[in-house]
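Worksheet: one structure, shown below.
The values are calculated or read from the model by the stated rules, or taken from the named source; none is laboratory data. Bear in mind that the values here come from a model prediction, so they are computed numbers and not experimental data. Counting neighbours? That spans all protein chains shown, and the Cβs are built from the backbone with ideal geometry, glycine included.
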Amino acid sequence: MDRTRLASLRRLEHFTGRSLVGLLAVVGVGSGFGLLLMMVRFGWDPLYRVDHGVAEELNDVVSEHRPLVTVLHALTDLGGRPIMMWLVVIVVISLLIRGQRRLAAYLVVTGVGALMLDPSLKILIGRLRPVVDVPVASAPGNSFPSGHALGSTVAYGAMLLIFLPVVSRRLKPLAISAFAGIVVLVGLTRVALGVHYVSDVLAGWLLGLTWLGVTAYAFRLWRREAGQAVPPITEGIEPEAADEIAPAPQERHMLPHPRSATAEILTGWVLVFGVLFVFGLLVSRYTEGTVIGTFDAEVNRWLADHRTPALNEVSWWLSKAGDTHAILGVSLVFCPLAVATLRRWRPVLFLALVLFGELGLFLATAAAVGRARPEVPHLDGPLPTSSFPSGHIAATLCLYAAIAIIVMPCTDRWWRWLTVVAAVVMPAAVAVSRMYRGMHHPTDVVGAVLLSAMWVSLLWWVVRPDAPDTDAPDTGGGLVAVPAQRRRLMAPAPAART
């Protein structure tokens with residue numbers, strides 16, 4: 001009994017010591033933010049001179065280099081609300097799929113708190129954004145504190161604390177350095193683009209660290225009240241969840257035979273390109289005056305004659321469903337969720353090869369064939385690529401067909417057929433919209449279907465996205481989780497009582 005009490009007292013002593021150090025750190029960072037807020041609120045002259053001087057000097061340098069402005073815009077998006085929201089939502093859903101409700105709740109509370117702190121403080125302080133000689137960027141709302149600096153600190157920091165248990169001890173310093181590097185880089189871009197003062201960014205970092213410390217401390221207290229040990233923060237906030245939150249175990253062979261599979265994919269790509277090139281030359285240069293040529297022209301003319309403002313609006317939205325942003329957006333949602341559900345990398349490799357291969361085939365074929373757009377008014381204006389084949393339709397077909405191929409073998413639930421419906425309906429809708437808007441001939445659509453059918457079939461045959469990694473070792477918390485997870489997915493729904 002004495003030994004049990006002694007061990008309990010030691011655990012309490014360690015927890016108390018770590019908690020006091022953590023509280024002192026949080027209080028120190030929070031005090032720094034409060035001091036900075038007061039200096040900004042009362043217009044402390046030395047800070048005013050530094051803020052405005054740095055803003056003017058950076059604007060003089062940045063405004064003269066347009067490529068640098070483009071790079072800064074791309075980097076600053078890493079701390080923007082769209083990417084932050086995407087990351088948090090995807091991670092939360094993935095954690096819920098893995099049964100980690102406490103970690104999901106921690107991330108939601110931390111993220112929502114940051115979302116509330118940013119606008120409320122901006123309204124309270126009411127500081128205007130910098131005014132520079134040559135504006136290279138703009139942002140809505142007030143300036144203090146920087147929402148990008150605050151949001152990136154909280155979002156990336158919370159995910160770092162969640163996934164630290166997955167990182168090996170040797171790589172943990174690298175992971176922490178990567179987190180700090182991204183957060184610092186985002187903050188610097190806000191100053192360089194002239195949308196925030198230096199003190200705005202410093203305040204965002206300090207406030208983000210303070211809020212991150214408060215929520216991490218609250219989570220550790222939650223663990224303590226639940227009777228769990230409270231590990232050092234360098235081990236993450238839930239070390240025992242490492243096996244469950246690891247994205248996927250290491251697959252020994254993501255391709256059955258890597259060298260031969262690579263050769264088959266490259267050879268197949270060249271053959272598919274050859275077939276598309278020949279077909280493209282035939283329909284673009286040798287069909288004039290034939291039934292095929294007449295059909296192409298008449299369909300485009302009929303669609304152009306029946307345009308209305310309402311249909312123009314609908315066709316624009318349907319056409320956007322097949323552009324690069326939409327394809328990339330769907331992929332960035334599906335791939336993390338597929339890994340979270342299946343615990344395998346091979347399906348994601350299959351989808352990535354499908355999309356990158358399709359892009360290469362489309363660009364190469366369009367450049368080689370060089371077919372003119374239909375001779376009707378073009379609602380989308382001039383485009384840099386030629387008409388054959390349709391890149392929008394091919395990308396949509398490849399994406400949704402690949403998703404259906406990945407999902408169908410994984411479950412026998414009724415909803416799997418929705419992926420098949422999407423693989424038919426989405427490309428058909430995009431195809432009609434592209435022809436309606438005068439951007440493609442019907443035979444361009446046939447070329448896109450031919451490209452998608454050959455390329456997806458080739459990759460399915462080579463990659464076999466649903467095949468198990470039979471050579472992988474049994475690591476306890478590793479690949480053995482794959483069959484169990486898939487059994488849960490494939491388990492039929494319980495029969496209704498009669």
Could you tell me how many of the residues in region 374-405 are over 14 Å from LEU351 (Cβ atoms) and in contact with a Pro (Cβ under 6 Å, 6 or more places away or on another chain)? 1
Just to be sure, is VAL283 loosely packed, with under 14 Cβ neighbours inside 10 Å, in the same structural domain as PHE388 (by TED's automatic domain parsing) and not in a loop (DSSP other than H, G, I, E, B)? no
Counting only helices (runs of 4 or more DSSP H) entirely within region 135-230, those with at least 2 residues that are under 26 Å from PRO249 (Cβ atoms) are 147-163, 172-192
Restricting the first residue to region 192-221 and requiring it to be assigned by TED's automatic domain parsing to the domain that holds HIS73, which pairs with a second residue that is among the aromatic types (Phe, Trp, Tyr) and modelled with pLDDT of 85 or more meet a Cβ separation below 6 Å and a spacing of at least six or different chains? PHE219/TYR106
Going by what's in this entry, would ILE176 be described as surrounded by fewer than 20 Cβ atoms within 10 Å (Cβ to Cβ), β-branched (Val, Ile, Thr) and either assigned by TED's automatic domain parsing to the domain that holds SER146 or at pLDDT 85 or above (or both)? yes
Can you pull out every residue in region 285-312 that is in contact with a Ser or Thr (Cβ under 8 Å, 6 or more places away or on another chain) and of a type in the set (Gly, Ala, Ser)? GLY293
Please identify the pairs in which a residue from region 89-118 that is within 23 Å of VAL330 (Cβ to Cβ) has its Cβ atom under 6 Å from the Cβ atom of a residue that is at pLDDT below 85 and buried (at least 16 other Cβ atoms within 10 Å of the Cβ), counting only partners at least 6 apart or on another chain. ARG98/GLU244
Please go through (1) part of a helix (DSSP H, G or I); (2) over 23 Å from ASN312 (Cα atoms); (3) charged (D, E, K, R) for ASP444 and return the number of the only condition it doesn't satisfy. (2)
Working carefully through the options PHE279, PHE350, PHE356, find the one that is of a type in the set (Phe, Trp, Tyr) and over 30 Å from ALA467 (Cβ atoms). PHE279
Restricting the search to region 300-344, which residues are out of contact with any Phe, Trp or Tyr (no Cβ under 8 Å at 6 or more places or on another chain), among the charged types (D, E, K, R) and not in a helix (DSSP H, G or I)? ASP323, ARG343, ARG344
Kindly establish whether ILE182 is at pLDDT 90 or above and not charged (D, E, K, R). yes
Determine, yes or no, whether GLY360 is at pLDDT 90 or above, surrounded by fewer than 17 Cβ atoms within 10 Å (Cβ to Cβ) and of a type outside the set (D, E, K, R). yes
Determine whether ALA395 is modelled with pLDDT under 95, under 19 Å from the mean Cα position of the chain (by Cα) and crowded, with 23+ Cβ neighbours inside 10 Å. yes
Sort through GLY151, GLY126 and tell me the only one that's at pLDDT below 80 and under 30 Å from LEU35 (Cβ atoms). GLY126
For region 313-323, what are the residues that are more than 16 Å from ALA428 (Cβ to Cβ) and either of a type in the set (Phe, Trp, Tyr) or surrounded by 13 or more Cβ atoms within 10 Å (Cβ to Cβ) (or both)? TRP316, ASP323
Has region 257-265 got at least one residue that is touching a Lys or Arg at 6+ places or on another chain (Cβ under 9 Å), assigned to a loop (DSSP other than H, G, I, E, B) and surrounded by 11 or more Cβ atoms within 10 Å (Cβ to Cβ)? no
